[in-house]
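Following: one structure in structure tokens, then a few remarks.
The values are calculated or read from the model by the stated rules, or taken from the named source; none is laboratory data. As the structure is a computational prediction, the values presented were derived from the model and not from experiment. Quick reminder, even Gly has a Cβ in these numbers, built from the backbone with ideal geometry, and neighbours come from all protein chains shown.
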Amino acid sequence: MKKQTARTGKPGQKPPGKKKNNKAICSSAKSSDEITLNSGKLKQILDSLVYPLYVINAENYIVEFANQAAGKFKKNRTTCYQLSHGRNSPCLRQDHPCPLEMVKSTGKMARTEHIHKISGRTRIMAVHGHPIFGKNGKVDKIIEYAIDITDRRSAEHLLQTEKNKLQAVMNACPVALLVIDENNKILYVNQAAGNFSGVSTDVLRGKKCGDVLLCRNRLLGEKGCGTSPLCPDCGIYSAIKSGLENRSEPGTSGEQILGVAGCSESLWVRFRTAPMEISGKPCVIISLDNINEQKKLELYQKKSIKRIQSLIKILQYDSSSLQDFLDFSLQEIIEITSSKIGYIYLYDENTRQLRLNSWSREVMKECRVLNPQTCYELSQTGIWGEVVRQRRPVIINNFSEYHPLKKGYPDGHVHLDRFMSIPVMVNNRIAAVAAVANRNEDYTDRDCEQFTMLMDAVWKEVERKKIGEDLFRSREQFALAVKGTHDGIWDWDLKNNKLYLSARWKEMLGYRDDELENSFETFSSRLHPEDAPRVMRHIDQYLKNESPEYSIEFRFRHKNGSYIWILARGEALRDEKGMPYRMAGSHTDITERKQHEEKIFLELEQKKRSLLEAGEIQRSLLPGTLPVLAELNIAAWYMPSQELGGDFFDLRHNENFVAVITADCTGHGIEASLHATLLKAITDRHVQVLLDGHADEFLNLVNQDVISYFHTEGDFPVMFAGVLERSTGIFSYANANFEMPVLFPQGQTIEKPEGFHLGYARDTVYKCQKLKIPENSTLAIFSDAIIEIDSGETRVFSRSHLLETLRGFSGSAQQNLEKLRTRIRGISTFPLKDDVTVILLEYLPAVKSEIIIHNKSQIENATAQLSEKMFACGYEPNAVSAAAISTEECLLNALVHGNHEDPQKKVIIEFYIDCGKTIIRITDEGRGFNPQEIPDPAKPGYLKTLLDTDEEQKYTHGRGIWLIKKYMNFVEYNQTGNSVRMIKIRPAAGPLYESLPKDEPEEKPEYSGEPPAVCFDYQTVLKTGLSIPAGYLLNSREFGILIHLGRRAYNENLRIAVRVE
């Protein structure tokens, strides 16, 4: 059983542990003695009780006294727990708390419930314990009695079960259910009722029905619901009262509209009552259902029907004009919204003006404004213009209230109480503003929605009537236009394949109207044969919706046999599925325009050729080839931003010095190129001064001539001039505001000397600066286009980016220039916004090397070292290949024919390589030979004789020496013939010149040092032919294979395709 809390003791008793009153102690002792003395009488009284009663010793649980209802016990031996429970230990469990312990701990009377076994039956007993205090003030004994409450607990459980069932049934009901007693208070309430009022069901119990409904009238009565003067008129209150008074009646039902406290809107409720009894008392059960949305829907449906009726009436109205139609529509809208007045203003979103279109009749009767304004700027309007500014409806149900947007209305204006205005939207633009006002009740969002839908339908009709009026006018205008135009009109009925051709259409071709029939054949048969497929394809694509418009130019045959140019345009009408059913358009004679375009085209082609020629002329001003010098490797790149550019550069040299000039003229294109040409001519006059080592004096002289010959105001060129002393690497330079060069791999900008733009002032004095260029370093000279690359808004490549890029470069000047171009191409498109000039001066010392080999396996390493050093000095791949093949051939001859492949003998290779020439000396330890005795293998007669006699071994002899003489610039043997000296002069190369921005040079892969592979397999060659790449150099072995392939094909009477790129 559930543990019960202890009850309080008798008044005046103090709990144990506190100081007790002596008088109370004496009184308790005396009471104890009297109980003992009068035990006989007391026992008779206690035995008459129907429930068991004990007197129990508080210390040892021994029952000192028990009445007859408690049963038999052995005196001084029986404990309370033995007697009542038949157990051997005290009751210490939570479900059987010991009353003796409870009394001892509190000193007060205690009550609890135990489950006892009585005559074999389980009974629920209410056990009561009362303290008896001893002389020492402590609890000495307790009086304990137990009352059987089993039947009462069963009844209570049954009653609670029934209540739970009732509550479960009520909670299952979706509508609010209340059980109300005769005091008009709620006994039971389901969850739906809590949801109905927004208050928990626990709070609602004991409340009244009006509290659930939040009825506004309940606040008027002193005691709430049922006491207000308005309650007798309430259908719900009357139904509850009737159910309580007339219990034999079946109950009532109905609908009630209530004012809800704290809310401006009313609440519709459907109710039903039924009388009932609970515990013999009269009650009423009532169901409440919120039908507010249903009522709103019914009202909305009524308004919708009325709106449709009004719309039908409006659309059926036989108006004399568009204005008459709008006036009638406004009057119907005022009636359907139960308003008194209204207006329609037209709005122009371009001018932001509101122009009055219609006022209601009532307004015209009541308005007393003199000369009323009919056109308003939107900025002049007050709160009524918010419908346009906010682009949404505006409702004001108390127009007299203050509002900061109100500007007031003039004297004599119609008084406004309530106001509703909406924008009329057409293609997301406001076409008009409509408003109604002065209804007896507030306007709602539903009213606004009805108003908007009605005006949308009205305005669609307005647009239709406008289109009708416009169509009538356009037909008149079209008739006049067709009559006055020079275009031919056609109209094609696609469903019936009938084509109308106007008289002017036929006249353009030299025919009278009656000379050509109206048919598609008339059109298609006169198309030029070259144009017909294209025209028919375009028509087909347009009709299939694959082309957005029909507009095409073609040639049409005239009656006289010539062809005229026609511009055909048209548009198709399509059904709801997008299928065309009609197409109409015009033909315009554009022959004269085409002839003019042809003339312009020829002129443009001529100008283009002139620009190309001018570009070639300008290119001729630049160095055709770059100087080939022993100590200097030079690479250059020039790219104008247009067909012609304003940059130029020049490189000159003599035995002692190398001069470099770079210049940038203001602007781009033809004008800048003319200035650059003039400036080049000026520098040519004074270049010898620069070659003598005087960069400052050179710029001073050029500046004076620029002032004399440049007459265009504001055109001040910039220039950089420098001269390198070849033997020392000392670079002397002067600068006229050109970008300062960079030395790398150091990543260092050289010091800038004084000097303004050329031509800025005659008294400008240019100063000279000197710089020692370290060996294996490169001086990069560049125009400002390189460091001014942007993405339209942000600089993406600046001087700092250039310095960082150059620091990471390694390789020859040519390789580094290509890397720079690749880097720039990765962040921008070519051409750049300005002309590009880049010159790289790589100062390199000569390379000397000696290699000793003993066998063929060491040849590859020796030629690889040679190739690597030549590439580092800027040699082109063909020159490197020629030197490497010649070296390989000499080494093979030295090892095989000189040393006879004796591993004890050596071959010595000596290299001397600078940027201008490569000298190779190869010496073996053989007896030598006489080169003059070696036959020429290229002589046709000698070669044919060898092939005819099938002396294959002989026709391979002498081929290596022949190749060496072809590939090298100089070949010389010593007198013995065991040493050969070869020289390869580095071929002069031109600058990288990109003349036309649209014709970007093809990207060439960086040369890896490995020659491209050529397949000499006989079976493969027979199938695919022999392809030899451009610039590929054959060695003697490959020459032998080639001759062998030719001989075999000759013997087998086969053909081999040989392609040399």
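Scanning region 738-749 for residues that are closer than 12 Å to Thr778 by Cα and either of a type in the set (Phe, Trp, Tyr) or outside any strand (DSSP E or B) (or both) yields Pro741, Phe744, Pro745, Gln746, Gly747.
If the condition is being closer than 20 Å to Ser586 by Cβ and either basic (Lys, Arg) or in contact with a helix residue (DSSP H, G or I) (Cβ under 7 Å, 6 or more places away or on another chain) (or both), then region 537-548 contributes only Ser547.
Of all residues assigned to region 93-111, at least one qualifies as being touching a helix residue (DSSP H, G or I) at 6+ places or on another chain (Cβ under 7 Å), in a strand (DSSP E or B) and either under 18 Å from Val55 (Cβ atoms) or not assigned by TED's automatic domain parsing to the domain that holds Asn67 (or both). Checking each residue in region 750-764 for being out of contact with any strand residue (DSSP E or B) (no Cβ under 7 Å at 6 or more places or on another chain) and surrounded by 15 or more Cβ atoms within 10 Å (Cβ to Cβ) picks out Gly759, Tyr760, Thr764.
For (1) at pLDDT below 80; (2) touching a His at 6+ places or on another chain (Cβ under 7 Å); (3) assigned to a loop (DSSP other than H, G, I, E, B), each residue gets a yes or a no:
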| site | (1), (2), (3) |
| --- | --- |
| Arg307 | yes, no, no |
| Gln323 | no, no, no |
| Leu330 | no, no, no |
| Asn350 | no, no, yes |
| Arg355 | no, no, no |
| Lys365 | yes, no, no |
| Ser379 | no, no, no |
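For region 163-190, give me each residue that is part of a loop (DSSP other than H, G, I, E, B) and either under 58 Å from the mean Cα position of the chain (by Cα) or in contact (Cβ under 8 Å) with a residue 12 or more places away in the chain (or both). Talk me through it step by step, then tell me what you get.
Of the residues in region 163-190, the ones part of a loop (DSSP other than H, G, I, E, B) are 173-175, 182-185, 190.
Within region 163-190, Cys173, Pro174, Val175, Glu182, Asn184, Lys185, Asn190 qualify.
Taken together, the criteria place Leu674 among residues that are in the same structural domain as Val702 (by TED's automatic domain parsing), surrounded by fewer than 19 Cβ atoms within 10 Å (Cβ to Cβ) and either part of a strand (DSSP E or B) or not small (Gly, Ala, Ser) (or both).
Please determine whether any residue of region 1026-1039 is at pLDDT 70 or above, closer than 30 Å to Arg821 by Cβ, among the aliphatic types (A, V, I, L, M) and not assigned by TED's automatic domain parsing to the domain that holds Pro931. For region 1026-1039, residues at pLDDT 70 or above, closer than 30 Å to Arg821 by Cβ, among the aliphatic types (A, V, I, L, M) and not assigned by TED's automatic domain parsing to the domain that holds Pro931: present. Yes or no: Ile467 free of Cβ contacts under 8 Å to residues at least 24 places away in the same chain and of a type in the set (A, V, I, L, M, F, W, C)? Yes: the conditions hold for Ile467.
Within region 991-1004, none of the residues are hydrophobic (A, V, I, L, M, F, W, C), outside any loop (DSSP other than H, G, I, E, B) and either modelled with pLDDT of 85 or more or outside the structural domain of Lys917 (by TED's automatic domain parsing) (or both). Among the residues making up region 482-533, a single one is in a helix (DSSP H, G or I), more than 54 Å from the chain's Cα centre (by Cα) and among the hydrophobic types (A, V, I, L, M, F, W, C): Ala503. Quick one: count up the residues across region 618-630 that are touching a residue at least 40 places away in the same chain (Cβ under 8 Å), in a helix (DSSP H, G or I) and out of contact with any strand residue (DSSP E or B) (no Cβ under 7 Å at 6 or more places or on another chain). Residues meeting the conditions: 1.
Residues in region 427-447 that are touching a Leu at 6+ places or on another chain (Cβ under 8 Å) and assigned to a strand (DSSP E or B) were compared, and the one that is surrounded by the fewest Cβ atoms within 10 Å (Cβ to Cβ) is Ala431. Annotation: of all residues in region 802-813 being crowded, with 21+ Cβ neighbours inside 10 Å and outside any loop (DSSP other than H, G, I, E, B), the one that is modelled with the highest pLDDT is Ala813. For region 412-426, the set of residues classified as assigned to a strand (DSSP E or B) and either touching a Ser or Thr at 6+ places or on another chain (Cβ under 9 Å) or closer than 16 Å to Phe451 by Cβ (or both) consists of Phe419, Met420, Ser421, Ile422, Pro423, Val424, Met425, listed by residue number.
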